[in-house]
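**Student:** First, the structure itself, so that you have it in front of you.
Throughout, read-outs are computed from the coordinates displayed, never taken from laboratory work. Here the structure is a predicted model, which means the values were calculated and not measured. Backbone-built Cβ (ideal geometry, glycine too); neighbour counts: all protein chains shown.
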């Protein structure tokens, strides 16, 4: 079975081997990859409008967003966030990519979420405000001490404020997305689930009984 | 007496009338204003390196940063933040400009601070991550409810996270800077002190007995 999570820049594939050997994960660039090259069935989600339009005309590309009960979420919520929520019964999901989306799921029901800038975006933000704020974030920062130097002052502004809010839910923290490992330093009790979105997709495929 | 707080884009003047009539506040652009046009004594602080170099050679421009005991602060801390701290005995200062600096002062001693992006910078950050996140922030947001729509999801990410941290100090909150009034909606119990930096400058002038 082939799954695909399509973002703004990449197709992220997961090839699941039916004989239970290791799954195979690979990426293709949105700019160079042609979806018509794949002839087998692909179960996908897509946040990229341009790609979405291309895929609608391909019979072997199955849009899993159509299998979701959107009433449980909201209209403009990214399908990647929804799939991550579908994979979780209780917990707060921190998906650290170009944006950091934080979503709370209680007893399998989405209770709300918020959006915070990703590492690279926030780094650029500080740099653009002033060259004097052009530092890499310090993930080893002691979050209990209000800083007295510039590098820690921006790191605290970015990381401690996220930490406060995420910790305030007093729930299991699930880290996913490209920067999940970095944020494990800030949330040492979190668990990293790199394939959270794919797990949600598998669950939906099973629930909708379409495979 | 003439005071001047020089930022990256403007000279902010405060003309204090000795006969106790109203003070007079005005701005000049860094690009067009020539400091040699002023012949009277000007007590100034300056975060703009280019302007700083020009002013060093002008005898009537008195640099107040030289009157500060830097041991109470840290080397790369902006002189505007330091002056705001000098004006406060106990409280957390939220200076909402191109960056938002948050500084804690206890019994007249600076205990640390952090730096967060200003409104315009953060708006651009979200917009640059995705056009789908290009919203104005909602300052009337209910901070007790995790959002279920995109506009509130970014507003919460920006505003609630700042609110949590600033409130956690359980101290008086003093708002200053160009966006102080906007943030009064988020911190309704704060007091706005638009001339906080000038107040710090006046205090230093008095303490150093140079006027």
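**Student:** Would you mind telling me the antiparallel percentage of the DSSP bridges in the protein assembly as shown, rounded to 5?
**Tutor:** 65
**Student:** What average count of beta carbons from other chains do you get within 10 Å of the Cβ of residues in A:106-116?
**Tutor:** Average per residue, whole number: 5.
**Student:** Still on this structure, please answer the following. Taking every residue in A:159-168, how many Cβ atoms of other protein chains lie within 10 Å of its Cβ, on average?
**Tutor:** 4
**Student:** Could you work out the helix-only [θ] at 222 nm for the protein assembly as shown, with each DSSP H run of four or more residues adding -39,500 (n - 2.57) and the total divided by the number of residues, to the nearest 500 deg cm²/dmol?
**Tutor:** -7500 deg cm²/dmol
**Student:** If you don't mind, another one. Kindly put A:205, B:45 in sequence by how many other C-beta atoms sit within 10 Å of each C-beta, fewest to most.
**Tutor:** If I rank by nearby Cβ atoms, fewest first, I get A:205, B:45.
**Student:** Turning to a different aspect of this structure: If you restrict to DSSP beta bridges whose two residues both lie in the stretch A:33-112, what percentage is antiparallel, to the nearest 5?
**Tutor:** Here the share of antiparallel DSSP bridges comes out near 75 percent.
**Student:** How far, in nm to one decimal, is residue A:194 from itself in the other copies if the label point is set 7 angstrom along Cα toward Cβ? Shortest first, please.
**Tutor:** 5.5
**Student:** Would you mind ranking A:150, A:18, A:111 by Cβ crowding within 10 Å, fewest neighbours first?
**Tutor:** In increasing order of surrounding Cβ atoms, one gets A:18, A:111, A:150.
**Student:** Relative to the other copies, what are the label-point distances for residue B:60, with labels 7 Å from Cα along the C-beta vector, expressed in nm at one decimal and sorted shortest first?
**Tutor:** Output for residue B:60: 8.2 nm, nearest copy listed first.
**Student:** Sticking with this one: Mind sorting A:4, B:211 by how few other Cβ atoms lie within 10 Å of their own Cβ, fewest first?
**Tutor:** The most exposed by this proxy come first: B:211, A:4.
**Student:** Quick check: the angle from helix B:119-129's long axis to the longest principal axis of chain B, C-alpha only, nearest 10 degrees?
**Tutor:** 50
**Student:** Mean-square fluctuation check for chain A, GNM, Cα pairs under 10 Å: which of A:87, A:153, A:190 is largest?
**Tutor:** A:153
**Student:** Would you mind listing the distances between the residue A:107 label point and the same position in each other copy? Use 7 Å along Cα-to-C-beta, nm, one decimal, shortest first.
**Tutor:** 5.0
**Student:** Cα axis of helix B:196-208 to longest principal axis of chain B: angle in degrees, 0 to 90, nearest 10?
**Tutor:** Between the helix axis and the principal axis of chain B, the angle is about 30 degrees.
**Student:** Now for a separate question. Ignore the peptide's own chain and count Cβ atoms of other chains within 10 Å of each Cβ in B:93-102; give me the average, rounded.
**Tutor:** Averaged over the peptide's residues, the number is 2.
**Student:** Now a separate question. Among the DSSP beta bridges whose two residues both lie in chain B, what percent are antiparallel, rounded to the nearest 5?
**Tutor:** Approximately 65 percent, going by the DSSP bridge assignments.
**Student:** Related question: For the stretch A:125-182 and the stretch B:131-178, compute the distance between their C-alpha centroids and round to whole Å.
**Tutor:** Answer, in whole Å: 17.
**Student:** Separate question: Place a point 7 Å from the Cα of residue B:37 along the Cα-to-Cβ direction; which residues of the stretch B:10-31 have their backbone N under 17 Å from it?
**Tutor:** B:10-15, B:25-31
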